[in-house]
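Right, one structure below, let's go through it.
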Amino acid sequence: MTELSPLLRTGTLGELSAAERERIAAELRALGEDGFIDGEVDEGAVVEVAALIGSVHGPAIDPPLSEIEQRRAWRRVATRVPAPPASMRGGGSPPRVGLAAVGFAAAVMLALIPTLRERGHDRPGDAAGRAAATSLGADARRALEALPGESDGARAQALADAYAARLHGAQERPQ
Amino acid sequence: MTRVVPRLRAIMKPFVRFVTCTVLFTGGLGCDPDAAADDGSEREAPDTRLQTRMLAAGAPTPVALAYARTVARAHREADRAVGLEARAAILRAALAEPVPGDMPEAEVLRLELAARLGETMAERPEGAAAAVELLAPMLHPARVLPRDRATARALVTLGDLAVATGDDALAVGSYMRAIRVMSSLRQELVR
């Protein structure tokens with residue numbers, strides 16, 4: 001765990017040296033903070049933020065912030081956080097409910113993927129193409145039936161007979 | 001005149017459908033050109049290439065005669081066979097017979113055997129896919145096929161098998177090629 005500054009350790013500015021105060025003030029100026037008045041740190045704001053950061057890192061604030069001070073601190077933090085885009089505003093749902101909603105939506109999407117894929121393949125164009133193929137096949141079969149000629153055994157037998165006749169004719173001619 | 005019109009209509013019908021299918025399967029149906037381009041990845045365009053050659057009569061040799069008689073016998077036995085497996089086995093054995101070198105008609109007989117074997121295989125569940133694998137290489141668009149009724153019959157059978165397997169592009173391509181073969185044969189008959 002990183003070493004906390006005296007400010008975060010104590011939550012007050014009282015124990016800070018002049019050099020530390022000046023360094024913090026310079027950092028705040030660099031960040032564009034408006035909590036400075038004539039080189040003095042807005043002690044209330046720094047203490048609030050320190051208390052919040054401290055609550056993350058663990059050290060207790062002495063004295064602890066009252067409920068009103070905590071609300072002020074959170075409100076101040078909220079004003080410094082950029083507003084989320086409209087599409088991300090959830091209407092104040094608790095985080096767990098939001099996560100559950102996201103999880104449920106993901107599960108629904110996963111369950112729907114095969115159905116959506118099937119629907120994607122079964123587009124009107126595909127159905128029309130299949131109908132056209134079936135119709136074309138029926139026409140092709142009809143045209144084949146109307147085409148003169150033999151098939152299968154009859155064709156092979158006719159060819160064998162023709163071969164036999166030509167072969168025997170060729171054999172008989174020289175005699 | 002009253003007789004000519006229905007006849008002309010009957011003759012034109014397959015070719016009208018031919019054109020319709022060409023339009024449908026080459027993306028002509030799509031109103032959105034981007035959507036049509038996207039469809040290209042999912043919907044394969046039918047391959048309608050067709051190269052044919054006139055079937056020349058081979059020299060009547062004893063080997064060619066024996067081959068023709070073997071094929072004719074196989075068909076007769078297949079007619080009498082009880083059960084799909086027995087019929088398929090007879091046709092498969094005939095298809096595996098060595099082909100005489102100087103016998104152009106042998107390819108026609110083999111196409112007939114393959115078409116019948118394919119039809120027999122397709123009578124079993126999942127048999128259509130295997131039948132497509134049997135027939136498709138024999139009728140590949142890059143091959144020069146004999147201009148014969150057997151070629152048209154085999155292409156129609158391949159189209160039917162493709163419909164059964166859900167391969168609409170292969171089905172339409174095969175039917176279109178069959179119709180073109182039949183159209184060529186009809187033109188030759190008219191001459």
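The values are calculated or read from the model by the stated rules, or taken from the named source; none is laboratory data. None of the values given here were measured: they were computed from a predicted structure. Here Cβ is always computed from backbone atoms with ideal geometry, including for glycine, and neighbour counts include all displayed protein chains. For the accessible areas, the whole protein counts, side chains as well, though only heavy atoms, and no ligand, DNA or RNA atoms are used. Shrake-Rupley method; radii C 1.70, N 1.55, O 1.52, S 1.80 Å.
For the stretch B:136-156, give me the residue count where each residue is open to solvent by 10 Å² or more (accessible area, probe 1.4 Å), in a helix (DSSP H, G or I) and either among the β-branched types (Val, Ile, Thr) or touching a Gly at 6+ places or on another chain (Cβ under 6 Å) (or both).
1
Check the stretch B:114-133 and report whether any residue there is under 9 Å from the mean Cα position of the chain (by Cα), in contact (Cβ under 8 Å) with a residue 40 or more places away in the chain and open to solvent by less than 50 Å² (accessible area, probe 1.4 Å).
Within the stretch B:114-133 (the criterion being under 9 Å from the mean Cα position of the chain (by Cα), in contact (Cβ under 8 Å) with a residue 40 or more places away in the chain and open to solvent by less than 50 Å² (accessible area, probe 1.4 Å)), the answer is yes, since at least one residue qualifies.
Identify the residue in the stretch A:152-170 that is at the interface with chain B (Cβ under 7 Å from one of its Cβ atoms) and open to solvent by 40 Å² or more (accessible area, probe 1.4 Å) and, among all such residues, is modelled with the highest pLDDT.
A:Gln157
Residues being facing chain A (nearest Cβ under 9 Å) and open to solvent by less than 20 Å² (accessible area, probe 1.4 Å): count how many of those fall in the stretch B:157-167. Show your work before the answer.
Pass one, the stretch B:157-167, residues facing chain A (nearest Cβ under 9 Å): B:159-160, B:162-163, B:166.
From the residues that got through so far, the ones that are open to solvent by less than 20 Å² (accessible area, probe 1.4 Å) too are B:159, B:162.
Final tally of qualifying residues: 2.
Collect the residues in the stretch B:100-113 that are more than 11 Å from every other protein chain (Cβ to nearest Cβ) and either crowded, with 22+ Cβ neighbours inside 10 Å or more than 20 Å from the chain's Cα centre (by Cα) (or both), keeping them in residue-number order.
B:Gly101, B:Asp102
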